[in-house]
Every structure is written in C-alpha cells, then in structure tokens.
1. Output the number of residues of segment 25-38 satisfying the condition of being open to solvent by 30 Å² or more (accessible area, probe 1.4 Å) and either at pLDDT 95 or above or touching a Leu at 6+ places or on another chain (Cβ under 7 Å) (or both).
2. Please enumerate the residues belonging to segment 1-17 that are open to solvent by less than 70 Å² (accessible area, probe 1.4 Å), in a loop (DSSP other than H, G, I, E, B) and either over 13 Å from ALA66 (Cβ atoms) or modelled with pLDDT under 95 (or both).
3. List the residue pairs whose Cβ atoms are under 8 Å apart, where the first residue sits in segment 34-51 and is closer than 18 Å to ALA9 by Cβ and of a type in the set (Gly, Ala, Ser), the second is part of a strand (DSSP E or B) and modelled with pLDDT of 95 or more, and the two are 6 or more positions apart or on different chains.
4. For segment 97-122, which residues satisfy the criterion of being modelled with pLDDT of 95 or more, within 18 Å of THR187 (Cβ to Cβ) and open to solvent by 40 Å² or more (accessible area, probe 1.4 Å)?
5. Using beta carbons and a limit of 9 Å, which pairs, at least six apart or on different chains, have the first residue in segment 111-136 and touching a residue at least 12 places away in the same chain (Cβ under 8 Å) and at negative phi and the second one open to solvent by 50 Å² or more (accessible area, probe 1.4 Å) and of a type in the set (A, V, I, L, M)?
6. Before we move on, is THR85 under 20 Å from LEU3 (Cα atoms), open to solvent by 20 Å² or more (accessible area, probe 1.4 Å) and β-branched (Val, Ile, Thr)?
7. Would a scan of segment 41-52 turn up a residue that is open to solvent by 30 Å² or more (accessible area, probe 1.4 Å), modelled with pLDDT under 95, among the aliphatic types (A, V, I, L, M) and under 30 Å from PRO214 (Cβ atoms)?
8. Any idea which of THR131, THR138 is part of a loop (DSSP other than H, G, I, E, B) and surrounded by fewer than 12 Cβ atoms within 10 Å (Cβ to Cβ)?
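The values are calculated or read from the model by the stated rules, or taken from the named source; none is laboratory data. Note that the structure is predicted; figures quoted are calculated from it, not measured. Counting neighbours? That spans all protein chains shown, and the Cβs are built from the backbone with ideal geometry, glycine included. Ligands, DNA and RNA are stripped out before the accessible areas are found, and what is left, the full protein with its side chains, is counted by its heavy atoms. Shrake-Rupley method; radii C 1.70, N 1.55, O 1.52, S 1.80 Å.
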Amino acid sequence: SVLVTFDEALDPISAETEANYVLDPGVGSPAEATLQGDGASVLLTLAAPLTDPAAYTLTASGVADAAGNTSGSQSADFFFGEGATPAPFDLVVNEFLYDEPATGNPGEFVELFNRSDQTFDLREFSLNDNTGPDEPITTDPVFVGPGEYAVIVEDAALFAAVFPGVPFVEQPAWSALNNSGDAVVLTYEGTVVDSLFYTPDWGGEDASLERKDPEAPSVAANFATT
C-alpha cells in the first residue's frame, strides 16, 4: 500500500477513483483507493507488492479538492526498500564548511556524495568530529541513490536562508568543527566509511572546502576552497 497526502481536503469521488493514480515503473493504477479520516490522505492498495529496493514515481491527476477545484498532473518520487550496506568510500565527504563567513552564514555543513551503484539510508550512518560518541545523522528515512548528494547541516534555518530550495538534513546533535583543525568522520554501524583530518592549511577561510576528485583519497591535496 502507498499513502498519498494532499495539502487540503479532497472531493471523495475523485479521490477514490483508482484511475486517477498511476505508479511507475510497471505498477499502474491501484486496485483500490480509500479516502482517510483526515479528508486529505488516500490509501492506495496495490494489486501486487512493490519490488525492493527500487525508486518509484507516483502520478496523481484529476483529483479535486472539497470545493471542486481539479488538479492537473502531479508527481512525487520515493524510494522503497532498505538501504544497502556500504563498503569503505561508497559515501565520501564531498564538501564541508568549518569556518563560517561573517555575512551570509549558512552554519556549518557537510555534503556527502554517493560514488557507488547502491542506495543508502542515512538513518544508519553517524557523523561527528571524532571527539565524542557517534551521532546519528537522522532518525527519519533519507535515501541517497547512486550519484546523489546529501547535505547534513548544523542549523536548518541558517542554511535554508542562504541556499533556498537546496535539500538538506538537520542532524539532531551536531559536532562543531573547529577552525583550528578537526576531523570529519562518517561511520556505518561503527565502521568508518570515510574520514579526514583537516587543518587551516587546507584553505576554507570564510568558505567551504570542496573535494576535487571523488575517486581520490580524503587528503589535503584533494580539497580546495570552493
């Protein structure tokens, strides 16, 4: 089953018309569509189970709100399944900000890049500066597919103000990155996936440090000021 949530109350007839929903690839319309008690969510019962792990696109069209305003075609992508177990360097630190600028400060952040052909769930990873306990990146399901990026931020409001529209994950407990030098350590169930130990000699004054080559090691020669 798939639960579809709209941003306002729906017209029951159009909301429960199965042909108004199509799930790709290869699933098609659901066997049943049932409007839920909140009036804005529809439970789609599928004719066959989803295959996992896989990415899907749900398209809804012709669904009207309670006032009779009919929507056009709307799509939402989602991933179904469990995240894979990473090998070392499947996820790498691609960019990080440790010395925030005085103006236009987005707060500290670490951007990860998935250089593998697997999909990972960030709930299963920890990120810290190697001075305290491993801190989970998130408690919510956040999937990072092959070739995709994920930005882990210290402060959601600061980051969104500087980079509007850029997706991010706010880590519940952020390990502050020292301007004098520090570590960035990414682990999966206690095993290090990628790590680096930077100093001010790497650059990054008032700007982030960015990885030059995702295939090269996490060392000073492979990073430069953005």
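1. 9
2. THR17
3. So the pair list comes out as GLY39/LEU10; ALA40/THR5; ALA40/LEU10; SER41/LEU3; SER41/VAL4; SER41/THR5; SER41/LEU35.
4. Of everything in segment 97-122, just one residue is modelled with pLDDT of 95 or more, within 18 Å of THR187 (Cβ to Cβ) and open to solvent by 40 Å² or more (accessible area, probe 1.4 Å), namely ARG115.
5. Once the first residue is touching a residue at least 12 places away in the same chain (Cβ under 8 Å) and at negative phi and sits in segment 111-136, its partners that are open to solvent by 50 Å² or more (accessible area, probe 1.4 Å) and of a type in the set (A, V, I, L, M) give THR119/ALA55; ASP129/ALA176.
6. Taking the combined requirement at face value, the residue does not satisfy it.
7. no
8. Answer to the selection: THR131.
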